[in-house]
Number of protein chains: 2
Amino acid sequence: MSDDRVGAVFSALGDPTRRHLLESLTHGRATISGLAAGLPVTRQAVSKHLATLGHAGLVRSERAGREVLFEITPGGMGEPARWMAEVGAEWDERLARLSELFAAEGGHE
Amino acid sequence: MSDDRVGAVFSALGDPTRRHLLESLTHGRATISGLAAGLPVTRQAVSKHLATLGHAGLVRSERAGREVLFEITPGGMGEPARWMAEVGAEWDERLARLSELFAAEGGHE
DNA sequence: GCGCTGTGCAACTATCTGGTTGCCCAATCG
DNA sequence: CGATTGGGCAACCAGATAGTTGCACAGCGC
């Protein structure tokens with residue numbers, strides 16, 4: 001059903017800055033400026049990247065006063081992971097098991 | 001170690017045509033022209049896509065006379081899958097288990 | 001209220017990328 | 001041999017994209 005979403009997620013993960021942002025967010029919520037502080041790009045660039053990640057369903061935001069807190073969206077990588085599992089299952093034993101996991105827990109198209 | 005490779009794979013998977021090519025290749029080896037026949041793009045475009053997939057380590061080619069046969073590279077999605085598992089493990093029970101699978105079978109950085 | 005900090009919005013630029021067309025080369029088949 | 005078929009290479013084009021700067025605006029601290 002959501003081939004677009006899968007593509008959006010993979011495209012989002014294709015950018016090293018965005019992967020770095022996601023890695024940073026694994027440590028907890030953070031603001032745009034806070035995230036930008038640890039990167040060699042401007043705050044605006046980070047803001048755009050977060051928008052892209054949000055559009056891909058990988059992060060969500062929440063206002064807190066004048067700040068905006070971002071956090072990783074639970075399950076956002078589910079569908080892409082399932083796609084990889086299905087395509088790679090035949091050649092990768094581990095992905096084959098992942099495929100079983102996803103098949104068992106419902107979400108199939 | 002291979003952050004570049006992870007990025008290359010995700011970027012490659014971000015394109016719907018390339019995902020379609022990989023899905024086609026799950027049915028076995030195929031030639032460029034054969035793959036292009038089922039797509040709305042030219043043979044040259046498919047050739048470029050296959051080169052991109054090859055550069056990402058997802059497919060490999062083999063000459064056979066005047067034809068070139070492409071096939072999926074075993075394990076090509078391993079590292080990106082591990083990355084997704086590590087980042088998403090905290091929010092996705094299934095990815096958490098995948099992370100365990102990859103950790104158990106070695107390749108950790 | 002005033003200044004500072006955190007964001008948002010818009011315009012602009014340079015580069016990347018997917019796609020094309022055109023031509024050339026190699027191998028196969030009659 | 002000659003025609004056909006599968007690919008490679010290069011040039012070119014349009015749209016997407018990552019990045020910037022500049023300015024406006026809303027909360028918070030003093």
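Laboratory data are not the source of any read-out in this text; all were calculated from the coordinates shown. Note that this is a predicted model, so its numbers are computed, not measured. Because the Cβ atoms are built from the backbone with ideal geometry, glycine has one as well, and the counts that use them run over all protein chains shown.
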Exercise. Considering region B:22-55 alone, what residues qualify as being among the aliphatic types (A, V, I, L, M) and more than 10 Å from DNA strand C (Cβ to nearest atom)?
Worked result: B:LEU22, B:LEU25, B:ALA30, B:ILE32, B:LEU35, B:ALA37, B:LEU50, B:LEU53
For this session: Just name the residue that is farthest from the other protein chains (Cβ to nearest Cβ) out of those in region B:63-82 that are more than 17 Å from B:HIS20 (Cα to Cα) and in contact (Cβ under 8 Å) with a residue 12 or more places away in the chain.
Result: B:GLU67
Problem set entry | Residue satisfying condition, being surrounded by 20 or more Cβ atoms within 10 Å (Cβ to Cβ) and within 13 Å of DNA strand C (Cβ to nearest atom), within set B:ARG18, B:ARG63 | B:ARG18
For this session: Grab the helices (runs of 4 or more DSSP H) fully contained in region B:1-95, keeping just those with 3 or more residues being under 15 Å from the mean Cα position of the chain (by Cα).
Result: B:3-13, B:16-25, B:43-55, B:78-88
Seminar exercise, completed: B:GLU90 meets each of (1) within 11 Å of chain A (Cβ to nearest Cβ); (2) on the phi > 0 side of the Ramachandran plot with one exception, condition (2)
